[in-house]
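The values are calculated or read from the model by the stated rules, or taken from the named source; none is laboratory data. Every value quoted in this text rests on a predicted model; they were computed, and no experiment measured them. Positions of Cβ are backbone-derived with ideal geometry, glycine not excepted, and every protein chain shown enters the neighbour counts. The protein model used for the area step is the full one, side chains on, heavy atoms only, and it has no ligands, DNA or RNA in it. Shrake-Rupley method; radii C 1.70, N 1.55, O 1.52, S 1.80 Å.
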Amino acid sequence: MPRAYSASGMSSKNATEMLFADTAAIERAARILKEGGLVAVPTETVYGLAARADDPKAVARIYAAKSRPEINPLIVHVRDLDQARELADFDVVDAEMLAKRCWPGPLTLVLPLKRGANLAPAVTAGLPTVAIRVPEHPVIRELLAKVPFPLAAPSANRSGYVSPTHPSHVRATLDRQVELVLDGGDACKEGLESTIVAIRSNRQWVELRPGPLDLNALHDELYEGMDKQGPITRKGRVGETLEAPGQMASHYSPGKPVRLNAMDARSDEFMIGFQQYGGDCMLSKSGDLVEAAAHLYDCLHAAAASMKPRIAVAPIPDEGVGRAINDRLRRAAA
Ligand code: TXA
Ligand code: MG
């Protein structure tokens, strides 16, 4: 008999199971999801907290487990572009091109919600748009291949805390809130949440969240030498319209004060280092920003767990994925 999961969190009393993400474990995850349960699953960006996106009770459990504000919509994960087309409108120019070019991978597209799409209303928090991506990591891809529905999956952390790039990070804030953690080890090679871009009208890109995929570079490459028909604009920042409602100033909090652009550590600080600025945890000794992104949340988790009451972070160049790193650091410090 299938186990029952309820939106009120009956199962939250049960211990969280953790399984190495082999085929048998992924099959078990698929069964739990079919029954409306929650599974933490590795992706190439961060670990996600997945539920079936077509079931209002299952989706309600995501919000409850994370203590997530209901105004903050979720990203829907799908197998491929065909499954994405069942949920979103790809008519607007550049939407399909970006999907074909960047999927599977760390790009989330915000597009008009398709009429009649089979999604629980809470997934989009009542917006007329939906955020959607095809992830690249083999574990979530195998899981998506085994279930007939799309998966709603925010990062697998309590709302406001540092995002997880390791199964132990998931258990640090969501233990007992989730039926199963699929252990993919250090699966998150990108280490930062996906880049989010809304296509508001033909060729009009609006970057809602910087991430591993550098939109500026891609835009330059695509439109070089042409009339700039669709300059990238940025919204969702503090003081502007909250177009990505989750992008609140205070987020990614390690629970202690964070000092940015630090050249060295004071005696009560845990130092997160970069290049020539050494530290207790190094983002990248060689100054490689991609490597730094992959290590960021690991260092923030280590800093949070350390005995030191404060955190200092070395300066990070604000270019390429450095923009996304600095975005997360500013919020961690807010
Ligand atoms: O890499 C990622 O994107 C990870 C992995 C698990 O896929 N997921 C993730 O989800 O970062 P989450 O919930 O932590 O962030 C989702 C972001 C929020 O800022 C939310 O406001 C925004 O996506 N979002 C979702 N739907 C939206 C919509 N229709 N319009 C604008 N922003 C939206
Ligand atoms: Mg998150």
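Around the Cα centre of the chain, unit charges on the Cβ atoms of Lys, Arg, Asp and Glu (plus for the first two, minus for the last two) sum to a dipole of about 1140 debye. With the charge dipole of the chain set up from +1 on Lys and Arg Cβ and -1 on Asp and Glu Cβ about the Cα centre, the Cα lying farthest toward the positive end among the listed residues Ala187, Val162, Ala60 is that of Ala60.
Based on the Cβ-Cβ distance of Asp80 and Ala334, what FRET efficiency does E = 1/(1 + (r/R0)^6) give at R0 = 51 Å, to the nearest 0.05? It comes to 0.85. Charges were assigned to the Cβ only: +1 to each Lys and Arg, -1 to each Asp and Glu. The resulting dipole of segment 258-333 about its Cα centre is roughly 260 debye.
The alpha carbon centroids of segment 262-334 and segment 64-119 are separated by 31 Å. Heavy-atom accessible area for His301, with the other protein chains in place and a 1.4 Å probe, reaches approximately 40 Å². Rolling a 1.4 Å probe over the protein heavy atoms leaves Cys188 with an accessible area of roughly 10 Å². Given their separation in residues at 0.36 nm each and the Cα-Cα distance between them, Ala217 and Asn118 gain 32.2 nm when the chain is fully extended.
Solvent exposure of Phe149, expressed as accessible area, is near 10 Å², computed with a probe of 1.4 Å over the protein chains only.
For segment 258-333, with all protein chains in place and a probe radius of 1.4 Å, 49% of the accessible heavy-atom surface sits on carbon or sulfur. Rounded to the nearest 0.05, the FRET efficiency derived from the C-beta distance between Val93 and Glu319 at R0 = 41 Å is 0.90.
Take every DSSP beta bridge whose two residues both sit in the chain; close to 45 percent of them are antiparallel.
If the segment from Leu260 to Ala64 were pulled out straight at 0.36 nm per residue, it would be longer than the present Cα-Cα gap by 67.3 nm. When all protein chains stay in place and ligands, DNA and RNA are ignored, the 1.4 Å accessible-area order of Arg115, Arg61, largest first, is Arg115, Arg61.
Ranking Glu221, Glu70, Glu179, Glu142 by solvent-accessible area of protein heavy atoms (1.4 Å probe, all protein chains present), from largest to smallest, gives Glu70, Glu221, Glu142, Glu179.
Across the options Tyr297, Ile71, Ala262, the greatest Cα extent toward the positive end of the charge dipole of the chain (unit charges at beta carbon of Lys, Arg, Asp, Glu) belongs to Ile71.
Compared with the alpha-carbon gap, the fully stretched path from Ala15 to Ser168 is longer by 53.6 nm at 0.36 nm per residue. For Thr129, nonlocal amide neighbours, meaning residues 5 or more places apart or on other chains whose placed amide H falls under 5 Å from its own, are Leu113.
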